[in-house]
Amino acid sequence: MELKAVSSSIDDVLRLRRKYVIPRFQREFSWDKDELIELFDDLIENIIVKDGQMLANDYFVGSLVLVGDDDDTTKIERFVVDGQQRLTTFTVAFAVLAQKFKDLNETTLSEITHLNVLGKDNDGVSYEKLVNENPKPFFQKRIQSKNIDFKIKPTTQEEKRLLYAYNFFDKQLSKESLLESIREHNCYKGELNYIDALKAFRDQILKCKVIYVTVKSFDDAYTIFEVLNAKGKDLTPVDIIKNSIFSILTDQVPIDTADEKWKFAKNEIKKCNSVEYNTFYRHYWISKYCLSTSRNLVKNFEKHIKKDIESYSKFIDDLADAASDYSKIVVSNANDWKQPEELSTFTTLSSLNIFNVTQVRVFLLGLFDAKKRNVITHKNYRKILNYLEHFHFIFTAVCSSRPSGLERRYSFYARKLRHCNTKEDSERCINDLITDLSESLPEYNVFESAFKNIVYTSIEEKDKKLVQYILKKIETYYSTPELKPNSFTIEHIMPESSNRTKIGMIGNLLPLGDKINSNIQDKDFKIKLTKYKESQYVTVRKFIEEYRDTEEWTEELIQKRTIDLAKILYENIIEG
């Protein structure tokens with residue numbers, strides 16, 4: 001490996017006619033509050049107040065590793081492989097400082113300071129010192145521009161972190177805050193000039209020392225990128241894997257296909273609310289290749305994926321497709337399942353999300369792959385989805401059983417299903433999984449005991465979605481296949497106003513149209529029975545038929561009906 005390493009300052013780095021380019025394989029800007037506070041405090045601590053003057057001092061902040069030939073003076077681009085987080089943060093800080101000087105009508109100071117953000121070539125044409133395409137145009141318009149567009153809003157997590165960094169420095173560099181910080185760190189009680197304080201903070205950044213390292217190739221960059229990450233967040237396995245992929249898939253003409261695919265996958269996972277991209281990646285990996293801890297993902301990637309253009313291209317294509325499937329699994333949307341035969345898939349996915357079960361996503365990725373390859377019949381496809389819903393309703397939603405070993409089993413059967421080439425093979429795989437899971441299904445007495453603890457009242461609403469699911473399933477069980485329950489309100493047969501202990505139990509609840517429900521509320525039980533006759537729900541009609549001769553609705557009857565419904569739900573896999 002050929003490299004050059006010299007001691008340099010940020011001032012030296014930014015005075016060079018250079019464009020510091022964040023490569024495609026680099027991770028996003030990831031610094032947040034903790035890193036920003038640490039850097040700010042370090043900078044402030046190095047500003048010394050002497051006789052009322054504020055003086056900057058040398059302060060080592062780590063390494064700056066670049067790809068480029070420093071012997072070639074015709075090319076001004078240098079690719080940043082280490083030091084991105086600090087270089088980006090310094091750019092944000094300079095932008096804030098320039099704006100502060102501008103607000104104080106210190107035009108010359110503002111212009112000079114802003115040269116650390118936007119340089120000028122030999123013809124006087126401005127260029128960005130730090131080039132980052134990922135948060136474009138937000139970074140350029142909201143941070144780097146001399147005339148900042150304060151109205152532009154962040155749309156990605158990276159852009160939100162960049163805006164947070166800008167607002168952090170904007171607050172810390174306000175007159176009151178900055179002067180107080182400098183006085184506090186120097187135990188100085190005298191007067192300080194605000195403009196001089198801003199200049200001192202600017203100069204302190206410029207006096208920061210780095211080890212300035214340049215290498216000529218991205219092969220060397222990959223090695224350095226994997227090892228060096230001074231004073232920043234640790235690289236995740238996915239960061240390193242991305243770097244490995246992009247070091248091989250370097251073709252960017254006519255379009256940067258690898259980058260487009262990677263961005264597509266990340267954007268799909270961003271739809272998944274709180275799911276981290278690293279979580280998706282691991283689920284995908286163990287669904288297709290081998291069981292792996294997060295720590296071993298890099299090692300397993302290098303072991304299973306051949307390091308060449310064809311293999312990496314296929315891997316990133318498959319990853320993007322899996323991300324699309326994963327987002328449909330996590331965020332169930334009826335628009336993704338528009339065909340009549342697909343509606344039941346949407347119902348099952350919605351149910352699994354109500355149960356808040358995540359391990360099953362590993363198997364579902366393999367199941368969707370089998371369906372795309374047409375190696376599973378629709379009957380078996382529905383069979384396993386129905387079983388998974390039924391299993392997790394009992395195992396997860398009602399019994400809150402420990403999921404130990406589930407992920408390992410789902411990984412095994414997902415990989416087994418991906419290797420099936422015929423519908424007969426996939427049927428055996430599906431049946432084996434059902435047999436395997438059935439051994440972990442809680443006994444009925446455990447289910448019944450837990451089922452009695454599910455309650456819904458206007459005060460206790462944590463189980464509301466589960467209760468709605470249960471009532472809908474009971475209605476579906478009683479209905480003909482052509483009739484499916486739609487939206488309904490939850491009726492308490494024994495009114496909540498009675499304040500009895502069992503009013504929230506399933507046995508005291510019915511699905512009911514809003515109009516009927518609002519008209520009966522706290523009526524007597526016999527009056528309610530008469531009004532219930534207006535309902536079209538089969539569950540309500542069954543209730544009327546069974547209890548039409550009952551004079552009073554009691555807690556004993558609530559308990560008995562709860563147990564009766566528990567048996568139905570435990571013993572029957574209900575079409576969704």
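The values are calculated or read from the model by the stated rules, or taken from the named source; none is laboratory data. Computed from a prediction, not measured in an experiment: that's the story for all the values here. When we count neighbours, we look across all protein chains shown, and the Cβ atoms used for this are built from the backbone with ideal geometry, even at glycine. Ligands, DNA and RNA are excluded from the accessible area calculation, which covers all protein heavy atoms including side chains. Shrake-Rupley method; radii C 1.70, N 1.55, O 1.52, S 1.80 Å.
The stretch 492-526 and the stretch 124-200 have their alpha-carbon centroids 58 Å apart. Measuring how big the stretch 346-481 is from its alpha-carbon positions, Rg and Dmax come out at 16.0, 53 Å. When a 1.4 Å probe is rolled over the protein heavy atoms, the share of accessible surface on the stretch 1-119 that falls to carbon and sulfur comes to 48 percent.
Over all projection directions, the Cα-based convex hull of the chain averages an area of 34.8 nm². Using DSSP to call loops (not H, G, I, E or B), can you name the GluC sites (Glu not before Pro) in the stretch 529-572 whose Cβ has at most 11 other Cβ atoms within 10 angstrom? Counting only loop positions with at most 11 other Cβ atoms within 10 Å, the GluC sites (Glu not before Pro) in the stretch 529-572 are 551, 552.
What does the highest-first list of 433-439, 239-245 look like by mean Cβ count within 10 Å? Provide the component values of the computation, followed by the final result.
Values: 433-439: 13.6, 239-245: 21.1.
Per-residue Cβ counts within 10 Å, averaged per peptide and sorted highest first, yield 239-245, 433-439.
In debye to the nearest 20, how big a dipole does the stretch 291-425 give about its Cα centre with +1 on each Lys and Arg Cβ and -1 on each Asp and Glu Cβ?
On the way: 22 positive and 15 negative charges, 93 e Å.
In total the dipole reaches around 440 debye.
Step through the table entries 120/263; 160/465; 136/338; 464/533; 146/209, compare each Cα-Cα distance with 29 Å, and write down the pairs that go over it. Listed pairs above 29 Å: 120/263; 160/465; 136/338. Put a dot 7 Å past the Cα of residue 252, heading toward its Cβ, do the same for residue 431, and the two dots end up 5.5 nm apart.
With +1 on each Lys and Arg Cβ and -1 on each Asp and Glu Cβ, how big is the dipole of the stretch 172-212 about its Cα centre, in debye rounded to the nearest 20? Could you put the intermediate results ahead of the total?
Numbers: 7 positive and 6 negative charges, 42 e Å.
So the dipole magnitude of the stretch 172-212 works out to roughly 200 debye.
Can you tell me the length gained on complete extension of the stretch residue 4 to residue 458, counting 0.36 nm per residue apart and subtracting the Cα distance?
Extra length available between residue 4 and residue 458 comes to 156.5 nm.
The magnitude of the dipole of the stretch 392-491, with charges of +1 and -1 set on the Cβ of Lys/Arg and Asp/Glu and taken from the Cα centre, is near 380 debye.
How high is the FRET efficiency from residue 318 to residue 123, r the C-beta distance, R0 45 Å, rounded to 0.05?
Details: r = 47 Å, r/R0 = 1.04.
Efficiency for this residue pair is about 0.45.
Once Rh for the stretch 75-141 is found with the Kirkwood sum over Cα pairs, what is the Stokes-Einstein diffusion coefficient at 25 °C and 0.890 mPa s, in µm²/s? Diffusion coefficient, whole number: 189 µm²/s. Within the stretch 439-576, the ratio Rg/Rh, alpha carbon atoms throughout and Rh by Kirkwood, equals 0.94.
Two numbers describe the Cα atoms of the stretch 272-322: Rg and Dmax, which are 11.3, 34 Å.
A dipole drawn for the chain from +1 and -1 charges on Cβ atoms has a positive end, and of 421, 466, 453 the residue lying farthest that way is 421. Taking every alpha-carbon pair within the stretch 297-368, the share separated by more than 19 Å comes to 47 percent. Here the ratio of the Cα radius of gyration of the stretch 1-117 to 2.2 N^0.38 Å is 1.20. Applying a DSSP loop filter and a limit of 16 other Cβ atoms within 10 Å to the chymotrypsin sites (Phe, Trp or Tyr not before Pro) in the stretch 59-167 leaves 150. For GluC sites (Glu not before Pro), the sites in the stretch 253-326 that DSSP calls loop and that have at most 15 other Cβ atoms within 10 Å are 276.
For the pair residue 554 and residue 278, label points projected 7 Å from Cα toward Cβ lie 5.9 nm apart. Calculated mean residue ellipticity at 222 nm for the chain: -16500 deg cm²/dmol, from DSSP H runs with n ≥ 4 weighted as -39500 (n - 2.57), summed, divided by the residue count and rounded to 500.
Spin-label model, residue 164 to residue 70: label points 7 Å out along the Cα-to-beta-carbon direction sit 3.5 nm apart. Summary of the geometry: the stretch 236-289 and the stretch 63-106, compared by the centres of their Cα atoms, lie 27 Å apart.
Taking 0.36 nm per residue of separation and subtracting the Cα-Cα distance, full extension of the segment from residue 153 to residue 191 would add 9.8 nm. Shape summary of the stretch 115-212, radius of gyration then Dmax from alpha carbon positions: 16.4, 48 Å.
Here the relative contact order of the stretch 38-105, from alpha carbon pairs under 8 Å that lie six or more residues apart, stands at 19 percent.
Taking only complete DSSP H runs, can you tell me which helices of the chain stretch 15 Å or more along their own long axis by Cα positions and average at least 0.5 on the Kyte-Doolittle scale?
Details: long enough: 33-45 (18 Å, -0.13); 84-103 (28 Å, 0.07); 157-172 (22 Å, -1.31); 175-186 (17 Å, -1.26); 194-206 (18 Å, 0.22); 237-248 (17 Å, 0.91); 257-270 (20 Å, -1.45); 277-288 (17 Å, -1.18); 309-330 (31 Å, -0.06); 343-354 (17 Å, 0.89); 360-372 (18 Å, 0.85); 378-392 (21 Å, -1.34); 406-418 (18 Å, -1.28); 423-438 (22 Å, -0.79); 464-478 (21 Å, -0.43); 555-571 (24 Å, -0.30).
Going by DSSP H runs, the hits are 237-248, 343-354, 360-372.
Mind checking the full-extension length gain between residue 419 and residue 295? Use 0.36 nm per residue of separation minus the Cα-Cα distance, one decimal, nm.
On the way: separation 124, 0.36 × 124 = 44.64 nm, distance 2.59 nm.
So the chain would gain 42.0 nm between residue 419 and residue 295.
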